[in-house]
Amino acid sequence: MAEHDVIDLLMAQHGQIRDLFDEVEQAPPEKAGEAFGRLTRLLSVHETAEEEVVHPYARHKLDNGQGVVGDRLAEEHQAKRLLLDLHKAGVDHPEFWERLAELRTAVTAHARSEERYEFARLRESTSVAERRAMAAAVRAAEALAPTRPHPGTESLAMNVLVGTPLAIAERARDLIRKGLGRS
């Protein structure tokens, strides 16, 4: 299965993210919030897993890994800020759709940069076994990741120190809301 390779897994998620942007944009007004919630969740867990697993590996494995990863982290921070602002304001905010377009542009550019400057180089400089191990680590990190954006936690240390307690609280809140029939 292709998703046993971390690069294939993350690129498939990039496709899912693009699809979720389409879903939010095309949703009827009463369903837009629910679709945006799914987008928020996927973006949040995806970026956390990259920050905890892929970026640290790339930082040490790639020539100029510090620079490549530093650029990606700056992009992620900007996208997290936009996503957090949108999440707080909600889909009924007058500027939601304009800001969503801004977020989409930022996320699309970030994904393209990851695929070109980080993922392609990682594929060339890692073995199949390394990429499979990273895919398993990404899946584990996603299972424990926060479901909402937290700008400023773009490192393994900050994700572990801050992200893990937030993830537990957010996932508990999500389960309670689901149990009460709220999205």
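Is it fair to say LYS80 is open to solvent by 30 Å² or more (accessible area, probe 1.4 Å), assigned to a helix (DSSP H, G or I) and within 23 Å of PHE21 (Cα to Cα)?
Numbers: open to solvent by 30 Å² or more (accessible area, probe 1.4 Å): no; assigned to a helix (DSSP H, G or I): yes; within 23 Å of PHE21 (Cα to Cα): yes.
In short, no.
Hey, does region 86-94 have a residue that's part of a helix (DSSP H, G or I) and touching a residue at least 24 places away in the same chain (Cβ under 8 Å)? Don't jump to the end; show me each part of the working.
Within region 86-94, the subset part of a helix (DSSP H, G or I) is 86-89.
If we keep only those that are touching a residue at least 24 places away in the same chain (Cβ under 8 Å) too, we end up with 86-87.
Yes, that holds for at least one residue.
Consider GLY163 against the criteria (1) closer than 24 Å to MET11 by Cβ; (2) at pLDDT below 55; (3) in contact with a Leu (Cβ under 7 Å, 6 or more places away or on another chain): it satisfies all of them except one. Which criterion is unmet?
Checking GLY163 against (1) closer than 24 Å to MET11 by Cβ; (2) at pLDDT below 55; (3) in contact with a Leu (Cβ under 7 Å, 6 or more places away or on another chain), the one that fails is (3).
Please go through region 1-28 and pick out each residue that is over 22 Å from ARG123 (Cα atoms), open to solvent by 20 Å² or more (accessible area, probe 1.4 Å) and touching a residue at least 40 places away in the same chain (Cβ under 8 Å).
ARG18, GLU25
So if I check each of HIS77, HIS60, which one is in contact (Cβ under 8 Å) with a residue 24 or more places away in the chain and closer than 25 Å to ALA140 by Cα?
That would be HIS77, the only listed residue that is in contact (Cβ under 8 Å) with a residue 24 or more places away in the chain and closer than 25 Å to ALA140 by Cα.
Just name the residue that is nearest to the chain's Cα centre (by Cα) out of those in region 57-70 that are surrounded by fewer than 16 Cβ atoms within 10 Å (Cβ to Cβ) and assigned to a helix (DSSP H, G or I). Spell out how you get there, then give the answer.
As a first pass, look at region 57-70 and keep what is surrounded by fewer than 16 Cβ atoms within 10 Å (Cβ to Cβ): 60-61, 63-64, 66-67, 70.
Now restrict to residues that are assigned to a helix (DSSP H, G or I): 60-61, 66-67, 70.
On the way: HIS60: 21, LYS61: 22, GLN66: 20, GLY67: 20, GLY70: 16 Å.
For region 57-70, the residue satisfying everything is GLY70.
I need the full set of residues from region 95-105 which are open to solvent by 20 Å² or more (accessible area, probe 1.4 Å), farther than 12 Å from VAL24 by Cα and either among the hydroxyl-bearing types (Ser, Thr, Tyr) or in a helix (DSSP H, G or I) (or both), in order please.
Taking region 95-105 and keeping what is open to solvent by 20 Å² or more (accessible area, probe 1.4 Å), we get 95, 97-99, 101-102, 104-105.
If we keep only those that are farther than 12 Å from VAL24 by Cα too, we end up with 95, 98-99, 102, 105.
Listed by number, the residues that qualify are GLU98, ARG99, GLU102, THR105.
Look through ALA120, ALA74 and report the one residue that is exposed (fewer than 14 other Cβ atoms within 10 Å of the Cβ), part of a helix (DSSP H, G or I) and modelled with pLDDT under 95.
Numbers: ALA120 fails: modelled with pLDDT under 95.
Exactly one of ALA120, ALA74 is exposed (fewer than 14 other Cβ atoms within 10 Å of the Cβ), part of a helix (DSSP H, G or I) and modelled with pLDDT under 95, namely ALA74.
The values are calculated or read from the model by the stated rules, or taken from the named source; none is laboratory data. No experiment lies behind these values; they were computed from the predicted model shown. Positions of Cβ are backbone-derived with ideal geometry, glycine not excepted, and every protein chain shown enters the neighbour counts. Side chains included, ligands, DNA and RNA excluded: accessible areas come from the protein's heavy atoms. Shrake-Rupley method; radii C 1.70, N 1.55, O 1.52, S 1.80 Å.
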